[in-house]
Amino acid sequence: MRLLFTFLSALLLSAAFSPTAKGQTADEDARLTAISQQMRVFGSIYRELEQSYVDTLDAKKNIQKAIRSMLADVDPYTEYFAPNETGQLRQLTSGKYAGIGSLISYDRKERRCIISQPYAGLPAAEAGLWPGDVLLAQDGIDYGHPAEGREQAYSDSVSTTLRGEPGTQTTLTVRRYGMAEPFNVTITRRAITLPAVAISKMLTDSVGYILLTTFSEQTFSETRAALLALQRQGARGLIIDLRGNGGGLISQAVEVASLFLPKGSLVVKLKGRGGEEQNDYLTQREPIDTALPLAILVDAASASAAELLAGTLQDYDRAVVLGQRTYGKGLVQSPRVLPEGGILKLTTAKYYIPSGRCVQAYSFKNGLPQHLPDSIAARFKTRGGRTVLDAGGITPDIILQPDSLPTMISYLDTSLELLNYCARYRQQHPTIAPADTFSLSDAEYADFVNFLRENKFTYAGSSKAALDLLRQAAKLEGYADVAAKELDALEEKLVHNYDHDFAYWRDEVKDLVEARICSFYYYERGETESALRHDREVHTAVALLSDGPRYATLLRPND
């Protein structure tokens with residue numbers, strides 16, 4: 001019966017693409033004939049496998065794998081969600097799910113998942129879980145360890161078991177640094193709505209700040225409330241931080257734009273296959289403030305709806321954009337409900353911002369967007385006559401190069417040793433100063449470095465990695481023996497030197513540790529507030545908004 005169903009499905013699909021429609025062009029006829037032929041080939045191959053292959057096939061697994069392989073060659077955003085995966089899509093668009101309210105991550109040293117960030121006011125935090133807590137078991141069943149190469153599947157499985165129906169309970173067995181024995185924590189799951197505005201606050205007596213992390217169903221309402229609150233506190237300039245914002249609902253980006261643009265302003269134009277216009281999105285509300293100076297912070301991880309908002313405000317000369325060129329996702333996805341309850345998230349259009357630019361990257365290489373050089377990019381004009389480029393992504397008005405940090409910082413940032421130190425600090429200090437003033441003393445910093453040394457924290461420096469490549473090249477070219485002495489001597493000099501590295505990068509390491517400690521007391525908001533004190537790009541935006549003449553100059557025609 002399964003064989004018959006599979007074969008008949010292939011025949012029906014073939015028939016659906018048969019070139020029988022009247023009025024088709026020769027090219028259309030040939031294209032549909034080719035589709036029909038290939039569908040018959042696929043059906044024939046699977047029929048032979050089902051009938052004659054030595055082992056029984058899993059039709060669901062194999063065909064879903066074939067579907068995903070095909071979609072991977074279409075674009076990075078067209079995806080198939082099987083019936084049991086549609087909840088992932090709903091969470092992405094709504095920002096809602098049911099679970100314990102915490103991020104988890106996989107730790108390679110422990111070979112287990114750990115709590116990486118419980119959210120304030122949600123079940124995990126209320127139950128007393130801390131970052132760095134190692135997840136050992138759930139409801140008495142040991143999580144075990146993943147097989148080699150299956151770490152992601154293991155982590156996904158743990159994440160899935162932590163979710164469930166609101167009101168249901170689960171008991172976690174965790175191990176915490178500094179405690180002799182593991183302990184149990186019983187948590188009641190509930191519906192989780194992640195905030196779109198992670199933080200809003202006054203940075204000076206006249207400059208407000210909003211960190212916008214996503215464009216979900218509540219983004220507009222949260223942003224509007226934050227804007228009004230900041231204006232009541234005296235904000236005469238506003239920073240909207242879109243760094244790391246991967247986008248979300250286009251409708252919410254349009255709504256946020258409506259806070260700052262006149263009613264009826266075009267925000268985005270959708271064009272489908274062959275450049276056919278599909279829809280225009282215009283602001284539908286009366287604005288809150290059309291003159292408030294705006295600085296928009298973006299980076300290479302700002303994508304989709306975040307690029308739409310930044311690019312639209314740039315096109316209307318309504319904001320100065322600062323940071324790095326954005327990702328370049330100018331494609332629109334629409335859901336298509338499939339038989340058996342699956343959903344196809346399908347790219348159906350490109351979006352164009354008011355100047356006429358499409359922010360879509362021109363190609364992708366190894367999963368990364370490729371942009372055109374400015375010298376050959378198409379040139380467009382903003383409402384006020386400034387030149388802007390269509391090179392893929394949004395090019396900032398002020399380009400700020402990201403800080404160049406050693407690989408040691410990256411290793412430290414994701415290390416369990418850092419979280420364990422913070423756990424020990426939390427156990428020794430019941431309270432700390434507010435996040436925006438908390439600071440480690442010199443003695444505490446020295447204690448932190450000693451803690452890392454005692455716990456054998458290791459990191460791979462980029463200079464050591466370069467030396468390894470040089471050794472390989474020397475071996476391939478026959479110089480390994482001749483240069484061995486010199487290379488060995490150089491390697492001795494590149495051995496980790498805690499005293500040197502942690503003294504040379506003291507300020508950067510100290511900033512990271514202080515922010516992470518704050519997360520143990522004040523959660524995500526505290527970590528962000530601590531980091532803002534040392535954020536060079538935020539300081540640049542504050543200085544710009546405090547300099548009216550320079551701000552105005554940047555928005556004048558640049559030709």
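The values are calculated or read from the model by the stated rules, or taken from the named source; none is laboratory data. What you see is a predicted model, and the numbers here were worked out from it, not measured in a lab. A quick note on method: Cβ atoms are made from the backbone with ideal geometry, for glycine too, and the neighbour counts reach across all protein chains shown. All accessible areas refer to the heavy atoms of the entire protein, side chains included, with ligands and DNA or RNA removed. Shrake-Rupley method; radii C 1.70, N 1.55, O 1.52, S 1.80 Å.
Any idea of the accessible area per residue across the chain, 1.4 Å probe, to the nearest Å²? Don't skip to the answer; put the middle values down first.
Values: 28660 Å² over 559 residues.
Accessible area per residue: 51 Å².
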Using packing as a proxy for protection, rank 175-181, 208-214, 120-126, 50-56 so that the peptide with the highest average count of other Cβ atoms within 10 Å comes first.
208-214, 120-126, 175-181, 50-56
Read-out P(r) over Cα pairs in 20 Å bins from 0, in percent, candidates [x] 19, 43, 27, 10, 0; [y] 16, 36, 24, 15, 8, 1; [z] 16, 44, 34, 6, 0; calculated match is [z]
If you take every DSSP beta bridge whose two residues both sit in the chain, what share of them, in percent to the nearest 5, is antiparallel?
75 percent
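If you average the sequence gap of Cα pairs under 8 Å that are 6 or more apart and divide by the length of region 156-292, what percent do you get for the contact order?
Numbers: 226 pairs, mean separation 22.2, N = 137.
After rounding, I find 16 percent.
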Find which of ALA303, LEU259, VAL54 sits farthest along the positive direction of the dipole of the chain, computed with +1 on the beta-carbon of Lys and Arg, -1 on that of Asp and Glu, about the Cα centre.
LEU259
Computed from the beta carbon distance with a Förster radius of 56 Å, FRET efficiency for PHE451 and GLU217 to the nearest 0.05 stands at 0.85
Could you list the residues of region 517-558 with an amide nitrogen less than 17 Å from a label point located 7 Å from the Cα of PHE183 in the Cα-to-C-beta direction?
520-521
To the nearest 20 Debye, how big is the dipole of the chain about its Cα centre, given +1 on the beta carbon of each Lys and Arg and -1 on that of each Asp and Glu?
1500 debye
Give the aspartates and glutamates whose C-alpha is closer than 16 Å to that of LYS329, dropping any in the same chain fewer than 8 places away, or say none.
ASP75, GLU79, ASP299, GLU307, ASP390
Could you let me know the centre-to-centre spacing of region 323-371 and region 202-242, using Cα atoms, in angstrom?
27 Å
Relative contact order in percent for the chain (Cα pairs under 8 Å, 6+ apart) equals 11 percent
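Can you send over the carbon and sulfur percentage of the accessible area for the chain, probe radius 1.4 Å, protein chains only? Kindly include the intermediate steps, with their values, before the conclusion.
On the way: 15430 of 28660 Å².
With neighbouring chains kept in place, the figure for the chain is 54 percent.
Please work out the Kirkwood hydrodynamic radius for region 31-183, using every pair of different C-alpha atoms, and report it in angstroms with one decimal place. Intermediate values should be presented prior to the final figure.
Working: mean 1/r = 0.0526 Å⁻¹.
Evaluated over region 31-183, this radius sits at 19.0 Å.
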Could you name the aspartates and glutamates whose alpha carbon sits less than 15 Å from that of LYS109, not counting residues in the same chain fewer than 8 places away?
ASP133, GLU148, GLU151, ASP413, GLU417
Scoring region 347-450 by relative contact order with C-alpha pairs under 8 Å, at least six apart, yields a percentage of 16 percent
